[in-house]
Amino acid sequence: MLDVIHAHGASRGCFQGAPFGTLSRCAVRPIGIRACCSRQPLTIRGDLLRKRPLTPGYIFFYILFLPDTWQILIGLVAAGFLAPALRPPEMGSAGKVVLFVMVATIGYAATGRIARGITRQLKKWILGDSQT
């Protein structure tokens, strides 16, 4: 049995002498050192591991700065304009839905660079030049 170094200073495993390589509450590091998380909660272990509180403003700006949001929006707008123009008059309602979804998906896939550019410009405009 190997003794393991833990973040809280113990020299044995969290489960009192669990051998190295067995499941315990410690995270195994590549060099054979485990950092124990059983004694300290996630929120007080360090500033880098702290979570941001989920507020409506945080969620709004997260969605606003996500390129996927703009890809979805552009794809839906493109499908709204192009699907009626591409649809033959004898097409049924199921065919109309399939055509709309197909055009929206193609619009989503084709606008990756445009969406990243929109997101970059919004970050520059709202957050300033240092956040790009």
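The values are calculated or read from the model by the stated rules, or taken from the named source; none is laboratory data. Note that this is a predicted model, so its numbers are computed, not measured. Cβ placement follows ideal geometry from the backbone for every residue including glycine, while neighbour counts extend to all protein chains displayed.
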- [ ] All but one of (1) modelled with pLDDT under 90; (2) more than 31 Å from the chain's Cα centre (by Cα) hold for residue 91, so report the exception by its number.
- [x] (1)
TODO: Find all pairs meeting these conditions: Cβ atoms under 6 angstrom apart; at least six residues apart or on different chains; first residue within the range 84-105 and under 22 Å from residue 68 (Cα atoms) and in the same structural domain as residue 72 (by TED's automatic domain parsing); second residue charged (D, E, K, R) and part of a loop (DSSP other than H, G, I, E, B).
DONE: 99/87
